[in-house]
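Structure first, commentary second.
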Amino acid sequence: MNPLIMNNLPNIIGFIAITLFVFILIREVICWYFKINERVKLQKESLVNQAIIINTLRSMRGDQL
């Protein structure tokens, strides 16, 4: 393997690790700021509630669509 790459391998790995850490940190801040995580949670709860309503209506009609 190229000695230039081998000598700089710790620097390259360190750079990649720091870049990933910063990316994850920035993503979390953006998701928090725009409340994306909260919106996803509310949408999932809404889907569960809709499924309950649909099942209740089906049982009231007496048939399964």
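Bear in mind that the values in this text are calculations on the coordinates, not laboratory data. Keep in mind that what you see is a predicted model, and the values were worked out from it rather than measured.
Some notes on this structure:
- Between the Cα long axis of helix 36-61 and the first principal axis of the chain there is an angle of about 20°, rounded to the nearest 10.
- For the chain: span of alpha carbons on each principal axis (Å, largest first): 76, 31, 10
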